[in-house]
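Heads up, the thing below is written out as structure tokens.
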Amino acid sequence: MLNHLMLGHFGLVVGLALLIILALRGVNIVVAVLLSILVIGVTNQMGMAEVFLQHFPFGPSGAFSFAGNFFLLFLCGALFGRFMATSQAAGSIALAFIRRLGANRALWVAMLVCALLTYGGVVVFVVIFTMYPLGITLMREANIPRRIYAAAIALGAGTFTMTALPGTPSIHNVIAARELGTDLFAGGWLGVIAALIMAVGGMWYLQRQWQRSLASGEGYQATPQDQEMQKLAAQSGAVPPIGKALIPIAVVLAIIVVPRIMLLFGAEPAGSAWLGFYLAQPVLWASFALILGSLACIGLFPSLRQNFNRTLGQGADDAVLPLINTAAVIGFGGVVIQTTGFHQFAAWLLALDMPALLSVFVSANLISGVTASASGGLQIFMSSLAPAYLEAGVEPELLHRIANLAAGGLDSLPHSGAVIALFTLMGLTHQEAYKDIFVVSVVVPLLAGLVVIGLAVMWPF
């Protein structure tokens with residue numbers, strides 16, 4: 001029995017390491033996932049039918065479960081991105097920002113636009129699709145290497161607005177509030193400090209890397225997909241005025257943000273069917289917002305209607321590969337959490353001899369790292385470990401914010417679904433671009449979390 005347990009633990013480590021190594025070497029992520037879960041299944045004495053036909057595809061965190069739940073969102077996000085690019089609305093917005101702030105601040109533009117979208121409630125995957133067409137113009141005009149622009153998207157969409165800033169309607173903030181009985185502003189001052197560290201520290205690193213790349217002759221290089229989008233945009237004629245170009249994004253943001261503002265000012269979901277639907281069906285609501293944004297594009301830009309069928313088909317194609325790759329990685333986590341070793345790992349984390357807040361930080365980070373998901377890791381942490389920390393005397397508001405910050409650290413390891421989706425859409429490999437992503441979405445958030453823990457210990461709130 002002991003040997004079987006040791007073999008299972010060894011298999012978990014080897015399976016996770018294999019997935020990371022294969023991803024870094026550029027092996028197709030679906031193939032890498034299947035090989036990795038084979039190792040985990042064999043070493044943990046799980047039936048192959050159980051692994052490949054149950055836990056991986058259809059379990060609570062299965063690949064097809066994820067794909068089924070998020071297919072509409074990926075499709076609507078990809079279509080909206082295509083429409084914004086083909087109509088040249090995305091290019092108009094990017095050029096307006098560059099003219100106002102200067103090309104030397106293009107990375108700040110990318111980060112701040114991402115932050116605005118995610119803080120307004122737009123999910124990370126939608127932001128990725130939205131920022132890609134904007135990025136074609138930004139990268140070309142400011143000569144930004146693709147890998148650095150991708151890291152700016154990761155910084156703006158997947159760090160401080162996701163886990164640190166109080167009030168954000170991100171799924172992570174909602175999970176913690178629901179499980180702990182807190183509100184979305186719990187641990188607010190700690191979150192603001194962490195957000196400043198992440199934003200400033202991450203941007204300092206990216207600006208430095210950008211200058212180094214320019215000095216070495218590295219710059220923007222168009223991919224075939226970039227060229228195809230630019231060709232479609234060129235066929236659409238003149239760039240629309242900035243006011244007109246902003247309308248579709250304003251439509252999407254308004255539909256997502258207005259209900260949240262109403263709730264913050266005391267509107268009761270019970271008194272409004274659509275507010276109740278907004279809270280109960282966030283994926284459908286975000287998809288609805290993107291559909292209306294796409295319809296706004298069609299209505300505002302006549303040139304888009306001339307290439308409608310072609311653009312529609314290409315937008316649908318844009319959704320498929322990121323969805324499959326992301327779902328495969330989610331399915332890997334679905335197999336991992338079914339093993340005895342994972343549950344023993346969770347128990348071991350609770351038994352670590354360290355200060356309570358540091359233990360929270362380490363535990364939530366490691367679980368999010370293993371599952372490659374901040375939301376998935378946070379949900380597992382809240383259901384399995386959070387009650388013990390509450391019993392140990394950790395304040396719910398403090399647990400809310402520290403656990404959120406921790407979930408957004410190691411979640412961005414190479415097998416992260418969001419990282420895979422970003423690289424797939426932008427035509428990058430881990431070998432080319434992961435180092436920059438690692439610094440801004442793993443190293444800097446970890447440092448911010450440790451600083452905040454130190455402050456919380458010195459000045460309890």
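The values are calculated or read from the model by the stated rules, or taken from the named source; none is laboratory data. Because the structure is a prediction, the values reported are computed rather than measured. Every residue, glycine as well, gets a Cβ built from its backbone with ideal geometry; the counts of neighbours run over all protein chains shown. Ligands, DNA and RNA are excluded from the accessible area calculation, which covers all protein heavy atoms including side chains. Shrake-Rupley method; radii C 1.70, N 1.55, O 1.52, S 1.80 Å.
A few remarks follow.
- The single condition among (1) at pLDDT below 80; (2) surrounded by 16 or more Cβ atoms within 10 Å (Cβ to Cβ); (3) within 30 Å of GLY167 (Cβ to Cβ) that SER287 does not satisfy is (1).
- Criterion (modelled with pLDDT of 80 or more, out of contact with any Cys (no Cβ under 7 Å at 6 or more places or on another chain) and over 30 Å from PRO145 (Cβ atoms)) met by exactly one of LEU410, LEU350, LEU405, LEU366: LEU366
- Test: residue in the stretch 391-398 that is of a type in the set (Gly, Ala, Ser) and within 24 Å of ILE197 (Cβ to Cβ): no
- Within the stretch 337-351, residues that are within 13 Å of LEU366 (Cβ to Cβ) sit with their Cβ atoms under 6 Å from residues that are among the hydroxyl-bearing types (Ser, Thr, Tyr) and in a helix (DSSP H, G or I), at 6+ positions apart or across chains, in these pairs: ALA346/SER384; LEU349/SER363.
- When the helices (runs of 4 or more DSSP H) confined to the stretch 376-461 are screened for residues that are open to solvent by 20 Å² or more (accessible area, probe 1.4 Å) and aromatic (Phe, Trp, Tyr), those reaching at least 1 such residues are found at 430-438.
- Listed by position, the helices (runs of 4 or more DSSP H) contained in the stretch 1-103 that have at least 3 residues being under 30 Å from ALA238 (Cα atoms) and open to solvent by 50 Å² or more (accessible area, probe 1.4 Å) are 89-101.
- Test for ALA90: is it small (Gly, Ala, Ser), touching a Cys at 6+ places or on another chain (Cβ under 6 Å) and within 19 Å of GLY427 (Cβ to Cβ): no
- Within the stretch 376-389, the residues that satisfy the criterion of being more than 24 Å from the chain's Cα centre (by Cα) and touching a residue at least 12 places away in the same chain (Cβ under 8 Å) are ALA388, TYR389.
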